[in-house]
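Worksheet for the structure shown next.
The values are calculated or read from the model by the stated rules, or taken from the named source; none is laboratory data. Remember, predicted model here, so these are calculated numbers, not experimental data. When we count neighbours, we look across all protein chains shown, and the Cβ atoms used for this are built from the backbone with ideal geometry, even at glycine. Only protein heavy atoms, including side chains, enter the accessible area calculation; ligands, DNA and RNA are left aside. Shrake-Rupley method; radii C 1.70, N 1.55, O 1.52, S 1.80 Å.
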Amino acid sequence: MPTAATENPWSYSLRLPHDPRAAAIARITLRAVLARHGMGGFTDPATLLTSEMVTNAYRHTTSPAEMRIRTVEEGRLRISVWDTNPDIPPPFDKPPALFDRSSALAEAAANTEATYGRGLLIVRICADNWGGYALADELFGRSGKLLWFELAPQTPATPSRSPPNARRASWPVGRSSAPASRRTRRVRPSLGWCPGPSRRARRCPRRAAGTPPPM
């Protein structure tokens, strides 16, 4: 489970050639960075989403790309991928809608037979925040677009404690030993392919419309 980072903000950049092996190199680099900074709890969701974004850049451009890994406020992890194609795929051209994760889940459920084109859909389902913006007129010395996502740390839940004199009911071991009114069924929600902490729907600050985050 990801926990909040306690060290000062940091960032790493990796130049990726236009090569089908770039996604694997990005995953290896990301795992190493997170492990060295004590943020291994982010590894599964971060490598999944990074791989999808780097693969998307490879498929839709013919030039190198670049990945940046950084921490931002409140211990969140932000990963951005730059490429030379200026066209931002919707809905990454707008701030996430309030119920976008539900919409993305419905879209995924309606296209279970699809074998491609689901990379950014996975990002919408699993990330806590995401977006994109064009780098026009050689902004920051380059043109094209930047797509990014954020993952937020999880705060461990504090277990509830019963009052010291609380009476505990004791039932014989067995599936149907307790009265029907006391039987409960635990249902674990699933977001399909989202691993680990990304199974939980979380709220995080959304950027204002038209305000690109730092790369």
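Given a 1.4 angstrom probe, I'd like the percentage of the accessible area of the range 66-110 that is carbon and sulfur, rounded to a whole number.
Working: 1160 of 2100 Å².
Result for the range 66-110: 55 percent of the exposed heavy-atom area is carbon or sulfur.
Annotation: amide H-H contacts under 5 Å for residue 144 (H modelled 1.01 Å from N, sequence separation of 5 or more, or interchain): 135. Note on exposure: 101, 27 ranked by accessible area (1.4 Å probe, complete protein assembly) read 27, 101, with the most exposed listed first. For residue 61 and residue 143, the difference between the fully extended length at 0.36 nm per residue and the C-alpha to C-alpha distance is 28.2 nm.
Modelled this way, with points 7 Å down the Cα-to-C-beta line, the labels at residue 102 and residue 32 are 4.4 nm from one another.
Residues 94, 145, ordered by accessible area of protein heavy atoms at a 1.4 angstrom probe radius and largest first, appear as 94, 145. Near the amide H of residue 93, within less than 5 Å, lie no amide hydrogens of residues on another chain or at least 5 residues away, with H placed in the peptide plane.
Ordered by 1.4 Å accessible area with all protein chains kept, 12, 133, 58 run largest first as 12, 58, 133. The simple Förster model, with R0 at 22 Å and r as the Cβ-Cβ distance, assigns residue 19 and residue 93 a FRET efficiency of 0.20.
Peptides 125-132, 41-48 ranked from most to least packed give 125-132, 41-48, packing being the mean of other C-beta atoms within 10 angstrom over each peptide's residues.
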